[in-house]
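Taken together, the values in this text are just the output of simple stated rules run on the coordinates, not laboratory data. Please read these numbers as outputs of a predicted model, since none were measured by experiment. Positions of Cβ are generated from backbone atoms using ideal geometry, with glycine treated the same way; all protein chains shown enter the neighbour counts.
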Amino acid sequence: MKSRSTFLAPVALLASSLLAAGCSSGPTEASFSDKAPAKESKGGQSAAPQVPSNVQMPTNVRKWNLQRELSDGTQVMWTTLKGPKSGFEGRVWAWVPKQYKEKKYENSAFPVLTALPGASGYPTNYWFGADFKLQERIAQQVEAGKSLPFIVMMPVLNAKLDQYWDGSDIPGQPKMGTWMSDDVPDLARENFRTYKDPKGWGFFGSSAGGYVGMKMVLQYPDRFSTAVAGGPDTAPDSPFWKDHEPERLANDPGRLAEALAKKGGPKVHISFLLGDKEEGAKVKAFKEKIGKGPIETDLHIIPNAGHDGYKYADGLFQGPLEWISKRMIGPVPSA
């Protein structure tokens, strides 16, 4: 369908070329220079300021490969992850804001925003690219006081080019649901200072990526609290669902929202982005249907825009990033 197969094919090709450029002379190993949890001294006292109870310190920091460097000195890095729980192997890109390395935040957690692309989202994730400047624009919003300083995780979305799995574990297929719900967040926890609270975890996605981020929040509200979904589908429609109707229904966002509302929580927040030139009736109806009880919804209409990843990126910075930032938790300076 449109949002899966024809969405910004040139962008996917451009991102692939960026990926190739980043690795043409062999990957450059680098590190985010994080640290393991503080150890206790012989006298039983912590060798460093005490870490707050809601902060998860990194447990298994790995070496990453440099993709690109921003003008403020921060870096977009990538690694290949063999998912311990999903068994799927794919690339993940990451970026941390400059505040992450400030002394006053050395024992502070930072919120994680997982950015998911449209179309196949394989073998690359176009959000790492300098053409979108996602990281630069987040940094600008932080300086303007309109955004939390997010760690940005950017995994591949699917297991093959021109195919999609709805961010789900479809029987007999690669476990792309577990990849997104467990393996990628666990990678963040292993390498960065993160929150144990779901208010420290959110998604931003375009088209198919918007759908998956929204689904993750509704499916795992005890892990993730917010999503900004640009032009998402509203129901699972991967061709791999054939002959697996019970499993498909169990992964349907509408049903997940209904179950969450019936349960009464936890509270989650979803902001929908739509271009004023795209057909958005289904998304608007879906928003009205699920936006009750523990599910808070928001709709932002992007002027002069169709179903376009560049426009969804613009829309993110027209209010929705600030909206989710007010509903999440940011780093707290050490006492």
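Our estimate of slack between Lys63 and Glu102, defined as 0.36 nm per intervening residue step minus the Cα-Cα distance, is 12.0 nm. Per-residue packing, averaged as other Cβ atoms within 10 Å, sorts the ranges 98-110, 255-267 into the order 98-110, 255-267, beginning with the highest. Each part reduced to its alpha carbon centroid, segment 320-335 and segment 260-303 end up 21 Å apart. Using θ = phi - 60° in the Karplus curve 6.51 cos²θ - 1.76 cosθ + 1.60, the 3J(HN,Hα) couplings for segment 321-333 round to 5, 5, 4, 6, 4, 6, 10, 10, 10, x, x, 10, x Hz; x is entered for Gly and Pro. Which aspartates and glutamates, on any chain, are close to Lys292 with Cα under 14 Å apart, when same-chain ones fewer than 8 places away are left out? Here the aspartates and glutamates satisfying the reach criterion relative to Lys292 are Glu258. Calculated FRET efficiency, Lys267 to Lys146, Cβ-Cβ distance, R0 = 22 Å: about 0.50 to the nearest 0.05. Taking label points 7 Å from Cα along the Cα-to-Cβ direction, Lys82 and Leu70 give a separation of 3.2 nm.
Diffusion coefficient (Stokes-Einstein, Kirkwood radius over C-alpha pairs, 4 °C, 1.567 mPa s) for segment 68-193: 85 µm²/s, rounded to a whole number. Taking every alpha-carbon pair under 8 Å whose residues sit at least 6 apart, the chain reaches a relative contact order of 18 percent.
Here the translational diffusion coefficient of the chain follows from Stokes-Einstein with Rh set to the Kirkwood radius across Cα pairs; for 37 °C and 0.692 mPa s it amounts to 164 µm²/s. Of the residues Phe203, Gly330, Val228, the one whose Cα sits farthest toward the positive end of the charge dipole of segment 192-335, with +1 on the Cβ of Lys and Arg and -1 on the Cβ of Asp and Glu, is Gly330.
Descending by average beta-carbon neighbour count within 10 Å, the peptides 307-318, 72-83 line up as 307-318, 72-83, the highest first.
Note on segment 233-335: along the principal axes its Cα atoms extend 53, 41, 24 Å, ordered by decreasing extent.
Charge dipole of segment 189-294 (Cα centre as origin; +1 on each Lys and Arg Cβ, -1 on each Asp and Glu Cβ, all else neutral): 520 debye, rounded to the nearest 20. You can think of it this way: the chain between Glu296 and Asp243 has 15.7 nm of extra reach, that is 0.36 nm per residue less the Cα-Cα gap. Legend: residue pairs Lys215/Lys267; Lys133/Lys326; Lys282/Lys326; Lys175/Lys267; Lys85/Lys215, Cα-Cα distance threshold 24 Å; pairs beyond threshold, Lys282/Lys326; Lys175/Lys267. For the pair segment 168-246 and segment 45-104, the centres of their Cα atoms are 20 angstrom apart. Extension gain, Asp131 to Asn54: 0.36 nm times the residue separation minus the Cα-Cα distance gives 24.1 nm.
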